[in-house]
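Quick notes on the structure that follows.
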Amino acid sequence: MYKLNGALRKLINRKNRARLINKDFSLLSSNCIGGFILHDLALKFNSPFINLWMSPGDYIQYLENIEYYQDKTLRFINDNSRPYPVGILEDVKIYFQHYKSEEEALDKWEKRSKRINMDNLFVIMTDRDGCTYNDLARFDSLDQYKYKVVFTNRKYPEFRSAYFIPGYENEDSVGQCWMYTSKISGKRVYDIFPYIDWFNGKNFF
């Protein structure tokens, strides 16, 4: 069944790639969702937010001062609780969960940071990793980003950028949105959000 799921995903990706017009954007993401979407669309990683995650508070702080942090040098700290590199950019932590070494993480971060298209930015966050109501409010107030969305496990009509993902109402947050919805659908959880139309310039908020 998993092979069938993979085959169905290839068909979905093919259709999405054909519909995508805007292909030179940068997708910033608080976790692995961004990398999965870009991979599905066969797009270049014009963003350093690939195969890593940040706490909601640090991610939002980065977004609030993106040009400031772009000029800072990434360094690494010892964190024995993590089996992967943990970086710090001035005062925000970055967890390079899917990197084997600090050297690899630094190389990818620096190369991809230089590719960020500040004139064509899309921003994604989820309510995972201890996200609070205040974090959602701060994210929603990031008016410098025209295209931003936060996936949540409940409806927040007071926040224009909140997008409800059903199925997690009895949990603390949404699940891993890159996972398949079933073994034979080919669809990922984040497919509920019309991200192709979003990338093509339609703002749903």
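The values are calculated or read from the model by the stated rules, or taken from the named source; none is laboratory data. Keep in mind that what you see is a predicted model, and the values were worked out from it rather than measured. Cβ sites come from the backbone with ideal geometry, for glycine too, and all protein chains shown count toward neighbours. Areas reflect the complete protein model, heavy atoms only, side chains present, ligands, DNA and RNA absent. Shrake-Rupley method; radii C 1.70, N 1.55, O 1.52, S 1.80 Å.
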Requested in this report: Mind telling me which of the residues R9, R82, R115 ends up being in a loop (DSSP other than H, G, I, E, B) and within 25 Å of G175 (Cβ to Cβ)?
Outcome: R82
Query raised in the report: Scanning segment 133-186 for residues that are assigned to a helix (DSSP H, G or I) and of a type outside the set (A, V, I, L, M, F, W, C), which turns out farthest from I60 (Cα to Cα)?
Result: Y133
Requested in this report: Check K93, K15 and return the single one that is in a helix (DSSP H, G or I) and either open to solvent by 30 Å² or more (accessible area, probe 1.4 Å) or polar (S, T, N, Q) (or both).
Outcome: K15
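Residue-wise test of (1) open to solvent by less than 90 Å² (accessible area, probe 1.4 Å); (2) of a type in the set (A, V, I, L, M, F, W, C).
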{"site": "I66", "(1), (2)": "yes, yes"}
{"site": "R75", "(1), (2)": "no, no"}
{"site": "G87", "(1), (2)": "yes, no"}
{"site": "I116", "(1), (2)": "yes, yes"}
{"site": "D129", "(1), (2)": "yes, no"}
{"site": "R154", "(1), (2)": "no, no"}
Query raised in the report: When only residues in segment 181-205 that are open to solvent by 80 Å² or more (accessible area, probe 1.4 Å) and touching a helix residue (DSSP H, G or I) at 6+ places or on another chain (Cβ under 8 Å) count, which is modelled with the highest pLDDT?
Result: K187
Report task. Mind telling me which of the residues N51, N31, N22 ends up being of a type in the set (S, T, N, Q), crowded, with 22+ Cβ neighbours inside 10 Å, assigned to a loop (DSSP other than H, G, I, E, B) and out of contact with any Ser or Thr (no Cβ under 6 Å at 6 or more places or on another chain)? Result -> N31
Query raised in the report: Which ones in segment 34-48 are assigned to a loop (DSSP other than H, G, I, E, B) and either among the charged types (D, E, K, R) or open to solvent by 40 Å² or more (accessible area, probe 1.4 Å) (or both)?
Result: A42, K44, F45
Query raised in the report: Name the pairs: first residue in segment 106-118 and under 16 Å from L43 (Cα atoms), second residue surrounded by fewer than 13 Cβ atoms within 10 Å (Cβ to Cβ), Cβ to Cβ under 7 Å, at least 6 apart or on different chains?
Result: N117/D24
